[in-house]
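Read through the structure below, which is laid out as structure tokens, and then see the notes.
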Amino acid sequence: MVIGICRSFRDRALDRCYHCFSCLSDPARRSSLVLKVTLVMLHLVYVGILFLFDSDLIDKTKKEPWYTALYLLLFFAALVQYFITSGSSPGYVLDAMRVVNETNVICKKSSMAKTASSKNGSLPVEGCQSGRNFQGTDSTSWTKLVMDMYPPGTSVRSCICSYCNVEQPPRAKHCYDCDKCVLHFDHHCVWLGTCIGQGNHCKFWWYICEESALCLWTGILYITYLKANISRAWWNDAIAILLLIPLSIFIVFLLLLLFFHSYLILTNQTTYELVRRRRIPYLRGIPERVYPFSKGVCHNLYDFCCGGSNIYSLEPLPSAQELEEKSRPYTCLDVLTCRCC
């Protein structure tokens, strides 16, 4: 009887909570919210314990406030970058298709206005300038645009996603967690609660860079605190030791992740393409040492850092001639002429 009353009270409390906070009624959004709260709490615990126990750090803050100010600035920057990345769009294929269709409509109206103005003797309107995110989108549909990215003779059916029922451009993949196709799909990040793709890969790199720097700095502060109090019994600093062990694991993981994604950026690859290279049809016959989408280190860095203004840009598959050129071994002349750049 008592158990039934408690369950009824719990169900009514949850219903009222879900009614007041509609985001909690969705399991996916609820788990994402729990992850975000957990991450913020972890950051606060590590920093709070440090300032609570380390008296030397408090004294250093009084003498050199800029040191602590820089540390706290990095602390808040990492948290802000986390929320920016988790809330950003990875670049969905459906959104790109909508942009293309809207561009076509605008260009058709502009073309009709141009024709009408020419008949009336007015000055002709210049070509369609809005929506220049795609080359040739003013005269082609989404299907034609996507098929132009593939070699001639490619079947449309082989490019259609069986879940979204839309044509996938090269390097796009359907994410089963988001239930959407993502441009330049890299991976689905559980910690962020979103996919990493063309639209937010740069933000993701900056987040792991800032998080790695913050964890390294925090680890150094913990080690400095333990060294200053090494004469005391170890159980007096048990909390700091217990926190330092998982922190060390996080540091190693974050640094490996940072180096791995830096390598992907320099070679213009994605995690999915690197891991599943033999299962992707357009990469299956290409040697592993050849990076088909690489334009050189400098161009890859420029596109990654400065190409974020358009998250819906499409990249065609390289031609056989381009692949042959990239497969050619490097010579001394290539090194002198900076072919890799």
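Work out the FRET efficiency for I223 and V105 from their Cβ-Cβ distance, taking R0 = 56 Å, and round it to the nearest 0.05. Computed FRET efficiency for I223 and V105 comes out at 0.35.
Multiply the residue gap between R98 and S141 by 0.36 nm, knock off their C-alpha separation, and tell me the result in nm, one decimal place. Present the calculation step by step, with values, prior to reporting the outcome.
On the way: separation 43, 0.36 × 43 = 15.48 nm, distance 1.07 nm.
Stretched fully, the R98-S141 segment lengthens by 14.4 nm.
Considering every Cα-Cα pair within region 136-256, what fraction, in whole percent, is farther apart than 21 Å? Summing the P(r) tail past 21 Å for region 136-256 gives 60 percent.
For region 144-232, with all protein chains present and a 1.4 Å probe, just round the carbon and sulfur fraction of the accessible area to a whole percent.
Values: 2450 of 4190 Å².
Carbon and sulfur together cover 58 percent of it.
Note on R289 and Y263: their simple-model spin labels are 1.6 nm apart, each label 7 Å out from Cα toward Cβ.
How do 162-171, 246-255 rank on mean C-beta neighbours within 10 Å, highest first?
Values: 162-171: 18.0, 246-255: 14.2.
By packing density, highest mean first, the sequence is 162-171, 246-255.
If the chain linking A77 and I249 were pulled fully straight, counting 0.36 nm for each residue of separation and taking away their Cα-Cα distance, it would gain 59.7 nm.
Whole number please: convex hull volume per residue, Cα atoms of region 44-86, in Å³.
Working: hull volume 2.2 nm³, N = 43.
Hull volume normalised by residue count: 51 Å³.
Sorted from greatest to least, the principal axis extents spanned by the alpha carbons of region 180-319 come out as 68, 32, 31 Å.
Note on I241/L301: beta-carbon distance plugged into 1/(1 + (r/R0)^6) with R0 of 35 Å gives a FRET efficiency of 0.30.
The values are calculated or read from the model by the stated rules, or taken from the named source; none is laboratory data. Computed from a predicted structure; not experimentally measured. Neighbour counts run over all protein chains shown; Cβ positions are idealised from the backbone, glycine included. Protein only, heavy atoms only, side chains kept; ligands, DNA and RNA dropped before computing areas. Shrake-Rupley method; radii C 1.70, N 1.55, O 1.52, S 1.80 Å.
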